[in-house]
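Okay, here's the structure, questions in a sec.
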Amino acid sequence: MAIPKGIKQPLSMNPDPEGTHNLPRATTKTLHNLSMILIREARKSDVPLIFGFIKELAEYEKLSHEVTGTEEQLDEHLFGPYPFAGVLIAEFHGVPVGFALYFHTYSTFLTRPGIYLEDIYVQPSFRGKGLGKALLKHIAAQAVRSGYGRMEWSVLDWNTPSIEFYESIGARGKPEWLGYRLDGGALAEFAQLG
């Protein structure tokens, strides 16, 4: 399959499912504490870790009641024959302390692919050390290398520290847009409408 014009390479969701190669460390030119930070692609063996991070994030966001998925489903959707999302793991001194989960989008206005960052999380005791920024920079660099047009994500309106951080790196909110969702019973009911 030919790569569309202007797209240098598709962003792989699972380029190295077993983690058989080492990814480069972030460079000391961009962040502090970099010799202690490693951003790497998740491996299949990381699924329990990722699911644990998802539950920690849900607790922080006061949304634990919305976590209804399973490790088995996560494994299938990240490392099955058709991966739906990619995951990066942030390590500090060799210890996994955070993650970012992302997937492909497409902009009809830009007529280019993009990335949607579904979740980014760093454990509270490791915040302020550059790990979140390193995760975002890694995904942004992949998007730029691949010729993608943008990277998007959502943040809860009460999460002031995250909002301030995102604005400090040049991201901007989209207050003119409202997010909508159909899920659970509402999704099933709507799908059955004639």
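Give me the residue from the range 106-123 that is of a type in the set (Val, Ile, Thr) and within 15 Å of the chain's Cα centre (by Cα) and, out of that set, farthest from HIS77 (Cα to Cα).
First, the residues of the range 106-123 that are of a type in the set (Val, Ile, Thr): 108, 111, 115, 120, 122.
Remaining after also requiring within 15 Å of the chain's Cα centre (by Cα): 115, 120, 122.
Details: ILE115: 17, ILE120: 18, VAL122: 22 Å.
Once the filter is applied, the top-ranked residue is VAL122.
Which residue is nearest to VAL144 (Cα to Cα), if the candidates are limited to the range 116-132 and must be surrounded by fewer than 18 Cβ atoms within 10 Å (Cβ to Cβ) and among the hydroxyl-bearing types (Ser, Thr, Tyr)?
It comes out as TYR116.
So that you can scan it fast, the table gives a plain yes or no per residue for (1) at pLDDT below 95; (2) in contact with a helix residue (DSSP H, G or I) (Cβ under 9 Å, 6 or more places away or on another chain):
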site	(1), (2)
GLU91	no, yes
TYR102	no, yes
PRO113	no, yes
TYR121	no, yes
LYS137	no, no
VAL144	no, no
GLY149	no, yes
PRO175	yes, no
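For PRO161, which of the numbered conditions (1) at pLDDT 95 or above; (2) closer than 19 Å to ARG127 by Cα fails to hold?
The one condition PRO161 does not meet is (1).
From the list PRO113, PRO96, PRO81, exactly one residue is assigned to a loop (DSSP other than H, G, I, E, B) and either in contact (Cβ under 8 Å) with a residue 60 or more places away in the chain or surrounded by fewer than 20 Cβ atoms within 10 Å (Cβ to Cβ) (or both). Which is it? I'd like the intermediate steps shown before the answer.
On the way: PRO113 fails: assigned to a loop (DSSP other than H, G, I, E, B); PRO96 fails: assigned to a loop (DSSP other than H, G, I, E, B).
Exactly one residue qualifies, and that residue is PRO81.
Additional query: Assuming GLY147 fulfils every condition listed in (1) at positive phi; (2) loosely packed, with under 10 Cβ neighbours inside 10 Å apart from one, which condition is it?
Result: GLY147 fails condition (2) only.
Which count do you get for residues in the range 150-194 that are of a type in the set (Asp, Glu), outside any helix (DSSP H, G or I) and either without any contact (Cβ under 8 Å) to a residue 12 or more places away in the chain or on the phi > 0 side of the Ramachandran plot (or both)?
3
Taking ALA134 and the conditions (1) touching a residue at least 40 places away in the same chain (Cβ under 8 Å); (2) more than 14 Å from the chain's Cα centre (by Cα); (3) not in a strand (DSSP E or B), which numbered condition does it fall short on, given that it satisfies the others?
It fails just one condition, (2).
Here's the yes/no breakdown for (1) in contact with a Gly (Cβ under 9 Å, 6 or more places away or on another chain); (2) within 23 Å of TYR82 (Cα to Cα):
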site: GLY114; (1), (2): yes, yes
site: ILE120; (1), (2): yes, yes
site: PHE126; (1), (2): yes, no
site: LEU136; (1), (2): no, no
site: ILE139; (1), (2): yes, yes
site: THR160; (1), (2): no, no
site: TYR166; (1), (2): yes, no
site: PRO175; (1), (2): no, no
site: LEU178; (1), (2): no, no
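From GLU71, GLU56, which residue is of a type outside the set (Lys, Arg), over 27 Å from GLU164 (Cα atoms) and in contact (Cβ under 8 Å) with a residue 24 or more places away in the chain? First the steps, then the outcome.
Working: GLU56 fails: over 27 Å from GLU164 (Cα atoms).
Every option except GLU71 fails the conditions.
The values are calculated or read from the model by the stated rules, or taken from the named source; none is laboratory data. Keep in mind that what you see is a predicted model, and the values were worked out from it rather than measured. Cβ: placed from backbone, ideal geometry, glycine included. Neighbour counts: every protein chain shown.
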